[in-house]
Every structure is written in C-alpha cells, then in structure tokens.
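S.K.: Let me begin by handing over the structure; questions about it come next.
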Amino acid sequence: MRSKNSVRFGLRRNAVMQSVVGGIVASVGLELFLHPHDMIAGGMTGISALVSFHTEGHFGVLLLLFNLPLLLVYAFMGKTSALRRVLPGLLAFSGSALLLAPLPAVSGEPVVAALAGGFCLGIGAGLAVKSGGLLDSLGLEKGDRIRPRIFGSSASFGPKRLFVLCHGAVLVLAGAMMGWERTLYSALACIAAYETSALMLWGFRKTAWVMASKPDRLRHEVCRRINMDGEVLSEERYGDENRRFVLKYSVHVLDIPRFKAAIRHSDPKAEILWINRAVREVRR
C-alpha cells in the first residue's frame, strides 16, 4: 500500500503534467491558427499579442512578462501554493509559443483558423484550470481556487462581469489598432475558446449523492484532488452516535475515476448514488 506522501506526490505530478499539456495545446491554437492571421485572444494573452504585432517582440516572452506582476501580487497576498500551480502551465505556454512561432499557419481560411484556434485555446485553458492553475492572469472566474480577494464577487460587480469587461476592452483596443474585420474573427475565436473551456469544466456532468460518516474529511480530499466542493444536503442519525451525512456533488464525467478514488480514500464505507436525471429541489 502506497504511503500518503507518494500519493500526494503522484497527484501533484499529474496536476503539473496536465497544466503543462494545457499550455502546449493553447500555444498551438495561438501560433498555428490565430497569430498568423493577426487574430488575438482576450486577457493578458491578447495584450501580449497586440504588443508583439506592433513591436516585433516575441509573444512568449511578452506573455510571461505581462503576467508576472499579477502573479507577484498573488505571492504577496500569501498565495504561494497557487503560484506554484500556475507557473508550470504558464511557462509551458510561453516556451512552446516561442518554439512554434517560426512555423507556418495550418489553415489559410480565417473562419477555420478562428474556430480551430479557439478550440485549442479552450482545451488548453480547461486543462490548466482543472489542474488548479491557469494560463492567463486575467482569466479569473468565480470558482477558481487562486482568485484573490481583490477580485472578490459583489452584488454589483462580480468576477464574471470583470472577466467580460477585460476581454471586451482588449477586443475594442484590437479593433482600434488592427481594424474591425480581424477583431470580429478574434471575437469568434474568443467565443469558441470560452465555450470549449466551459464544456470541459462544467459540461457532461453527473449528479452524485454521497452518504458518508466523515463529511469534512471527504470534502477536503475531494477538493484537494479535483478542486470541487460538495453541498451537505441532510444529516441522518442511526442511534445516538452513528451519524451519516448526505452530500451532493456535480461531477464531470472525466473526473469520475478520481472522484471515486477520493471517496474511497477518505471514507471507505461511504456510499455513492448517481442521479441520471435532473432532481428539482422544492422549497417551501
């Protein structure tokens, strides 16, 4: 039986590898599809591309330089563990972009390039976020573990609006600098990237009800392994001391094996009930 340290090392290694693969896939979308057609993405990635187009600087180097200030803010705010999760994917993103920059474009059709580039970018971003990292310091949405307090949600201006505002501002700036035709293609690529990453993160999910006697330990283990928290629905008593809690999870189909492993590791006696159809909660 493997020790806890070896299991923890294996989880960290898998997360780093997943983040690195995400960075490479995202750079393929940018350097082989979007950038040869003067298209950009949103956030710091788009800002780096705009500066690269007009200064002939290397996109990969600019991407790393422009993301460093916010990453240092995370470090000063005590987010050093999050910083360690972010750096592998970001370094792979920047490094692979430098290697792929001399290669020719894969497609000569702007619409195909926008869709394919957005698709690759969305897959890469989704892989990075699922491993606990990200590829763009402005790509912060509600639910990310690394989102600092300065981006905290509020009733009037939440992180989702900030996300849309940042990407919209980059596209408007691109339209003013490069023309609106390429900007429309860039907007199409951003939509494709967002929908692809959303599908990877939230699509194809199954609802699971877990009956466990150690809910705190179970929630901690599931959150540590696959960055997902559960909702405690109810508490059932069997005698004076025996208590079992019902927790609700929405699990992506790709995370089901890791979800089951986390449940077995934290509470071997826990029971999992998969709900195949939507369950409506009636509140009175």
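The values are calculated or read from the model by the stated rules, or taken from the named source; none is laboratory data. Bear in mind that the values here come from a model prediction, so they are computed numbers and not experimental data. No Cβ is skipped: glycine too gets one built from the backbone with ideal geometry, and neighbour counts run over all protein chains shown. These area figures cover heavy atoms from the full protein model, side chains too; ligands, DNA and RNA do not enter into them. Shrake-Rupley method; radii C 1.70, N 1.55, O 1.52, S 1.80 Å.
S.K.: Within the set of pairs 6 or more residues apart or between chains, which connect a residue that is of a type in the set (S, T, N, Q) inside the stretch 246-275 to a residue that is assigned to a strand (DSSP E or B) with Cβ atoms less than 7 Å apart?
M.R.: What qualifies is Ser250/Arg205; Ser250/Thr207.
S.K.: Quick check on my filter: what residues within the stretch 29-54 are of a type outside the set (Val, Ile, Thr) and in a loop (DSSP other than H, G, I, E, B)?
M.R.: Step one: list which residues in the stretch 29-54 are of a type outside the set (Val, Ile, Thr), which gives 29-39, 41-44, 46, 48-50, 52-54.
If the condition is that a residue be of a type outside the set (Val, Ile, Thr) and in a loop (DSSP other than H, G, I, E, B), then Asp38, Met39, Ala41, Gly42 are the ones that fit.
S.K.: Take the residues in the stretch 171-189 that are of a type outside the set (A, V, I, L, M) and in a helix (DSSP H, G or I), then tell me which one is most open to solvent (accessible area, probe 1.4 Å). Show your work before the answer.
M.R.: Going through the stretch 171-189, the residues of a type outside the set (A, V, I, L, M) turn out to be 175, 179-183, 185-186.
Keeping just the survivors that are in a helix (DSSP H, G or I) gives 175, 180-183, 185-186.
Numbers: Gly175: 3, Trp180: 145, Glu181: 123, Arg182: 79, Thr183: 11, Tyr185: 55, Ser186: 2 Å².
Selected residue: Trp180.
S.K.: Tell me, yes or no, whether the stretch 126-136 has at least one residue that is open to solvent by less than 30 Å² (accessible area, probe 1.4 Å), outside any helix (DSSP H, G or I) and at pLDDT 85 or above.
M.R.: Checking the stretch 126-136: at least one residue is open to solvent by less than 30 Å² (accessible area, probe 1.4 Å), outside any helix (DSSP H, G or I) and at pLDDT 85 or above.
S.K.: A follow-up question, please. Restricting attention to the stretch 152-184, report how many residues are modelled with pLDDT under 85 and of a type in the set (Lys, Arg).
M.R.: 2
S.K.: Something else about it: Considering only residues of the stretch 218-251 that are over 30 Å from Leu127 (Cβ atoms) and among the polar types (S, T, N, Q), which is modelled with the highest pLDDT?
M.R.: Taking the candidates together, the pick is Ser234.
S.K.: I've got another one for you. Look at the stretch 254-278 and say how many of its residues are surrounded by 10 or more Cβ atoms within 10 Å (Cβ to Cβ) and modelled with pLDDT under 80.
M.R.: Qualifying residue count for the region: 1.
S.K.: So which residues in the stretch 20-74 are within 19 Å of Leu91 (Cβ to Cβ) and among the β-branched types (Val, Ile, Thr), if there are any at all?
M.R.: Val20, Val21, Ile24, Val25, Val28, Thr45, Ile47, Val61, Val73 - these are the residues of the stretch 20-74 that are within 19 Å of Leu91 (Cβ to Cβ) and among the β-branched types (Val, Ile, Thr).
S.K.: Please work out if Leu32 is open to solvent by 60 Å² or more (accessible area, probe 1.4 Å) and of a type in the set (A, V, I, L, M).
M.R.: Values: open to solvent by 60 Å² or more (accessible area, probe 1.4 Å): no; of a type in the set (A, V, I, L, M): yes.
Spelling it out, it is not the case that Leu32 is open to solvent by 60 Å² or more (accessible area, probe 1.4 Å) and of a type in the set (A, V, I, L, M).
S.K.: Pull out all pairs, ordered by first then second residue, where Cβ-Cβ is under 6 Å, the residues are six or more apart or on different chains, the first lies in the stretch 38-60 and is on the phi < 0 side of the Ramachandran plot and in contact (Cβ under 8 Å) with a residue 60 or more places away in the chain, and the second is assigned to a loop (DSSP other than H, G, I, E, B) and open to solvent by 10 Å² or more (accessible area, probe 1.4 Å).
M.R.: Met44/Asp136; Met44/Leu138; Thr45/Asp136
S.K.: Pick out the one residue from Leu30, Leu63, Leu71 that is within 20 Å of the chain's Cα centre (by Cα) and modelled with pLDDT under 90. Full working, then the answer.
M.R.: Numbers: Leu30 fails: modelled with pLDDT under 90; Leu63 fails: modelled with pLDDT under 90.
Exactly one residue qualifies, and that residue is Leu71.
S.K.: With the checklist (1) modelled with pLDDT of 85 or more; (2) out of contact with any Ser or Thr (no Cβ under 8 Å at 6 or more places or on another chain); (3) part of a loop (DSSP other than H, G, I, E, B) in hand, flag the one item Thr196 doesn't pass.
M.R.: Failing condition for Thr196: (3).
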